[in-house]
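A.B. asks: Below is a structure I'd like to ask you about.
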Amino acid sequence: MAEFSKMEMYLLLNQKDSNLWLANIDLSQVDLTGVNLQGAFLGGANLSGATLVEANLGMANLTKSNLKKADLDGVFLSGAKLVEANLSFAVLDRGNMEGAIFTKADLYDAKLIEANLKNADLREAILVRAVMKKADLRGAILSGANLDGADLAGANLEGAKLTNAMLKRADFRKANLNGADLTGADLEGATMPDSSTSL
């Protein structure tokens, strides 16, 4: 766990600069509930196990950051850049990630229940066993993503691009796939919206 003085934590939690530079900082296990880090540069930061409930990380750059097992329930990540970030086992339920860039990010077994991922870029992301029930993925790009065993029950994937995605054993029950592009996708064992049976 990172050690911060009371003054350092106060300054971090109450900063007004929307362009804060925190590259490679170690904030593992730190409680940052409600923190405003909008537009901050957190490339390579260690936020593993951190609590970022309802934090504002809109437009932040979290490229190659470590958010493994972080609690980001209700987080605001709209327009954020999380290229190659590690979000495995993270909780992002009800988060707003509209337009966020998760290219090649690791979201293994992450929880994204009722998350807003509208127009998000998840190309080649690892979403194996991710729970995305009732998530809004309208217009999202998931080309080449691995969603093996992912739970997308009730998710809205209208107009989403899933070309060449790995969708083996994925659960699409009650999901909206209208206009979704599944060209080249591997749907072996997937449960589709119009039935409870697997392909």
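Yes/no matrix, rows are residues, columns are (1) at pLDDT below 95; (2) farther than 20 Å from V131 by Cβ:
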| site | (1), (2) |
| --- | --- |
| V35 | yes, yes |
| V53 | no, no |
| M59 | no, yes |
| L62 | no, yes |
| N66 | no, yes |
| G79 | no, yes |
| F89 | no, no |
| I101 | no, yes |
| D106 | no, no |
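A.B. asks: Output yes when any residue across the range 95-105 is charged (D, E, K, R), surrounded by fewer than 19 Cβ atoms within 10 Å (Cβ to Cβ) and closer than 30 Å to A45 by Cβ, and no when none is.
C.D. replies: Yes, the range 95-105 has at least one match.
A.B. asks: Right, something else. Just a yes or no: is a residue in the range 13-29 within 20 Å of K68 (Cα to Cα), among the β-branched types (V, I, T) and either assigned to a loop (DSSP other than H, G, I, E, B) or modelled with pLDDT under 95 (or both)?
C.D. replies: Yes, some residue in the range 13-29 is within 20 Å of K68 (Cα to Cα), among the β-branched types (V, I, T) and either assigned to a loop (DSSP other than H, G, I, E, B) or modelled with pLDDT under 95 (or both).
A.B. asks: Could you list, in sequence order, the residues of the range 108-125 that are in contact with a Ser or Thr (Cβ under 9 Å, 6 or more places away or on another chain), buried (at least 24 other Cβ atoms within 10 Å of the Cβ) and either farther than 14 Å from G144 by Cα or basic (K, R) (or both)?
C.D. replies: A110, the sole residue that qualifies.
A.B. asks: Write out, first by first residue and then by second, each pair whose Cβ atoms fall under 8 Å of each other, whose residues are 6+ apart or on separate chains, and whose first residue, in the range 100-119, is closer than 16 Å to L57 by Cα and in a loop (DSSP other than H, G, I, E, B) while the second is at pLDDT 95 or above and among the basic types (K, R).
C.D. replies: Hits for this filter: A100/K81; A115/R94.
A.B. asks: Using beta carbons and a limit of 7 Å, which pairs, at least six apart or on different chains, have the first residue in the range 36-64 and under 13 Å from K81 (Cα atoms) and free of Cβ contacts under 8 Å to residues at least 60 places away in the same chain and the second one of a type in the set (K, R) and in a loop (DSSP other than H, G, I, E, B)?
C.D. replies: Sorted first by the residue in the range 36-64, then by its partner, the pairs are G43/K64; G44/K64.
A.B. asks: Only one of S48, S78 is part of a loop (DSSP other than H, G, I, E, B) and closer than 10 Å to A100 by Cβ; which?
C.D. replies: Matching residue, one of S48, S78: S78.
A.B. asks: Hey, can you tell me all the residues within the range 134-147 that are surrounded by fewer than 20 Cβ atoms within 10 Å (Cβ to Cβ) and farther than 17 Å from D181 by Cα?
C.D. replies: Once the filter is applied, which keeps residues that are surrounded by fewer than 20 Cβ atoms within 10 Å (Cβ to Cβ) and farther than 17 Å from D181 by Cα, the range 134-147 yields only K134.
A.B. asks: Take the conditions within 17 Å of T51 (Cα to Cα), out of contact with any His (no Cβ under 8 Å at 6 or more places or on another chain) and charged (D, E, K, R) and apply them to D121. Does it pass?
C.D. replies: Spelling it out, it is not the case that D121 is within 17 Å of T51 (Cα to Cα), out of contact with any His (no Cβ under 8 Å at 6 or more places or on another chain) and charged (D, E, K, R).
The values are calculated or read from the model by the stated rules, or taken from the named source; none is laboratory data. Since the model is a prediction, treat every value here as computed from it, not as a measurement. In this analysis, Cβ positions are derived from the backbone assuming ideal geometry, glycine residues included, and neighbour counts consider all displayed protein chains.
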